[in-house]
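Step one of this worksheet: look at the structure below.
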Amino acid sequence: MNIFKENCQAYIDKGLSVIPDKWMQKRPAISAWSDYCFKLPTQGEVDSWSNNFDKSNIAICLGGASNVVALDIDEVRPEILEIIMPMLPKSPVVKIGSKGETRFFRYTGVEHTQTLKFDGEMVIELLSNNKKTTLPPSVHPNGSNYTWGLEGLDLLEVDVNELPMLPPALFASVEQKLLLKFPDLAKKTGTGHLSSGRNDALVSLCGKLIQEQKTLEESINELIKQDSELHDPPLLSDPNEQYHTEPRTNALKLYSNVLESINRRRFRDSKEYAVPTATVINEKVLADLIEEQGKSQTAKVNLKNQNKRLSNAVTAKKKCPCCGKWRK
C-alpha cells in the first residue's frame, strides 16, 4: 500500500511538508529528509517519491516549513501521567499510536526540540526543526494503523496558523512538579533532570518575549523572574554555569544570543529582522539619571574652572628681581 502516494498531494496543496516513510516503519524513506523541515518539496520531488515505492508510510517534517510542531507523550506510568496530563496543553489535532499520543501545535519560530526524561524513561518530547512524525493512516511496526484522536480532526481540516501555541516554560514546569513529587527518586537515580536543561526553557521563553515585542527591560526582568521561580539553582546566577553570577548581565547575553539566532533564520528566509524594542525607563530611574548627569556636568564645570585657574597661575607675569622687568 503506497500511503504516501495516496495522501501526499492534499498535504502539499495545504502548504505542509510531507515525505515518505518506509513501509511499517517510522524511518524516512529518503536521504537528507531534514532539509524539508525548512522548505517544501517541489512537485517534481513529490511525484518522484510517489512512484519510487510500491509501499510506504507518510510523515510530516516539523518546524519552519510546515509551521507545525508536535508534543509527543509516550509516558505510560500511571503515577507520572496523573501529574503531567493536567499540565499539558490541549490541541484539536491529536495522533494516536500504539501507546501515548502526539498533539500538534503552531510553530512560531522559537520552539526547538527538547526532551524530558524521568527515572531514565522518556516522559514528553517536543518535536520541531530537524524532526518528523509519522501520520495516519500509516501502518505502525506492530501492524496497527495510526489514527486521529477522539475529536476526529486532522491537519487537513484545520488552519495550522490557528493551532494553539505551547507555553514557553512547559518543560521546566513539568520537571519541577515531578521533582517535588518524587524527590527521593530524583536524588537516588540522578535522572530527574531535563536532558536539554534550564537553558532551553529560558531560550524558549526569550523567543516568545521577542515575538510578543516585549521591551528589553521587560524581557530581562521576566527571564530573571521565571528562572528564579522554576529553577533551583537559577541558571542566570549559577556559579557552575556562568563566568559570573550577575543575573541581569547573563540574561542580556541570553537575550542577545536568541535574537541573533532568530535573525539568522529570518535572513535565510528573506524575512524582516526582529529588532529589540526600546527599554522602558520609569520616572524614578529617569530622575536618577538626570541627577547623575547634573552632577557630572557640575563636576566638569568645576574641573574646567580649576584647570583655568592653574593655567592662569602658570602663565601669570612675574617681576624679574634682576632687571625689574615683568616677564611671563
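The values are calculated or read from the model by the stated rules, or taken from the named source; none is laboratory data. The structure displayed is predicted, hence computed values, not measured ones. Cβ: placed from backbone, ideal geometry, glycine included. Neighbour counts: every protein chain shown.
Some observations on this one:
- Filter result (more than 22 Å from K39 (Cα to Cα) and buried (at least 17 other Cβ atoms within 10 Å of the Cβ)) within region 63-87: D72, I73, E75, I80, I83, I84
- Hits in region 229-267 (condition: among the basic types (K, R) and free of Cβ contacts under 8 Å to residues at least 24 places away in the same chain): K253, R264, R266
- The set of residues from region 38-62 being among the small types (G, A, S), buried (at least 19 other Cβ atoms within 10 Å of the Cβ) and over 24 Å from the mean Cα position of the chain (by Cα) comprises just one member, S56.
- Taken together, L205, L194, L153 contain a single residue that is surrounded by 15 or more Cβ atoms within 10 Å (Cβ to Cβ), within 15 Å of the chain's Cα centre (by Cα) and modelled with pLDDT of 75 or more, which is L205.
- The residue of region 13-35 that is nearest to the chain's Cα centre (by Cα), among those that are aliphatic (A, V, I, L, M) and part of a loop (DSSP other than H, G, I, E, B), is L16.
- Candidate set: region 156-174, residues that are without any contact (Cβ under 8 Å) to a residue 60 or more places away in the chain and surrounded by 20 or more Cβ atoms within 10 Å (Cβ to Cβ); chosen: the one nearest to I96 (Cα to Cα): F171
- Checking each residue of region 140-147 against the condition of being touching a Leu at 6+ places or on another chain (Cβ under 8 Å) and either surrounded by fewer than 21 Cβ atoms within 10 Å (Cβ to Cβ) or assigned to a loop (DSSP other than H, G, I, E, B) (or both) gives at least one match.
- Residue in region 157-164 that is over 20 Å from S66 (Cα atoms) and outside any loop (DSSP other than H, G, I, E, B) present: no
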